[in-house]
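Take a look at the structure set out below.
The values are calculated or read from the model by the stated rules, or taken from the named source; none is laboratory data. Model, not experiment: these values are computed from the prediction. Counting neighbours? That spans all protein chains shown, and the Cβs are built from the backbone with ideal geometry, glycine included.
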Amino acid sequence: MQQQLINLNPDLNHLQIDGYDLVVNGGYLLVRHIPYVTPSKQVDYGTLICIMTLASPTRVSPPKDHTIYFCGETPCNSNGVALDSIINNNQRQQLTTEILATHYFSSKPLSGNYPNYFEKVRTYAEILSIHAKVIDRNVTTKPNMQKQKNEN
């Protein structure tokens, strides 16, 4: 079912083809292996967690809002200063028995909402990873693209 949902929805399929590591679980889209900077100025990898709304059993509706959850330490800039401009709160939330969020982000686009999951995930992944790339220019938000390159 998970792969069928990804295949039948252009924005989810675009994320997968682009090399993002995604999983659909319990009404959430999880995008793993997102590089970010920890408070100790180290690069680590976290998970973006987005609520998914289904229009039908095989189709997703556009994102309901501009916010997204994150699992990892407090994300920072390359100097170890918390990214307060996007951190809405740092409260741990058990979203499902299997999914724990440690932060809740808000970065509202000018249009008010993201048109699809691809734009939403790409935007948040870039906000986090740009700081990690200052420390290690080789980090990537798209680990599956790296695997494809290594296999060729």
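Table for the structure above
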{"quantity": "Unique residue being among the hydrophobic types (A, V, I, L, M, F, W, C) and in a loop (DSSP other than H, G, I, E, B) when the list is LEU110, LEU12, LEU29", "calculated": "LEU110"}
{"quantity": "Failed condition for GLY46, given (1) at pLDDT 95 or above; (2) surrounded by fewer than 17 Cβ atoms within 10 Å (Cβ to Cβ); (3) under 14 Å from TYR20 (Cα atoms)", "calculated": "(2)"}
{"quantity": "Residues of the range 32-43 satisfying the condition of being over 12 Å from ARG122 (Cα atoms) and part of a strand (DSSP E or B)", "calculated": "ARG32, HIS33, PRO35, TYR36, VAL37, VAL43"}
{"quantity": "Of residues in the range 15-26 being over 12 Å from the mean Cα position of the chain (by Cα) and outside any strand (DSSP E or B), the one farthest from PRO62 (Cα to Cα)", "calculated": "GLY19"}
{"quantity": "So GLY112, is it at pLDDT below 95, small (Gly, Ala, Ser) and closer than 25 Å to ASP18 by Cβ", "calculated": "yes"}
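Condition check ((1) free of Cβ contacts under 8 Å to residues at least 40 places away in the same chain; (2) loosely packed, with under 13 Cβ neighbours inside 10 Å; (3) in contact with a helix residue (DSSP H, G or I) (Cβ under 7 Å, 6 or more places away or on another chain); (4) more than 14 Å from TYR124 (Cα to Cα)) across all residues:
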{"site": "CYS50", "(1), (2), (3), (4)": "no, no, yes, no"}
{"site": "THR58", "(1), (2), (3), (4)": "no, yes, yes, yes"}
{"site": "PRO63", "(1), (2), (3), (4)": "no, no, yes, no"}
{"site": "CYS71", "(1), (2), (3), (4)": "yes, no, no, no"}
{"site": "ASP84", "(1), (2), (3), (4)": "yes, yes, no, no"}
{"site": "ASN89", "(1), (2), (3), (4)": "yes, yes, no, yes"}
{"site": "GLN93", "(1), (2), (3), (4)": "yes, no, no, yes"}
{"site": "GLU98", "(1), (2), (3), (4)": "no, yes, no, yes"}
{"site": "ASN113", "(1), (2), (3), (4)": "no, no, no, no"}
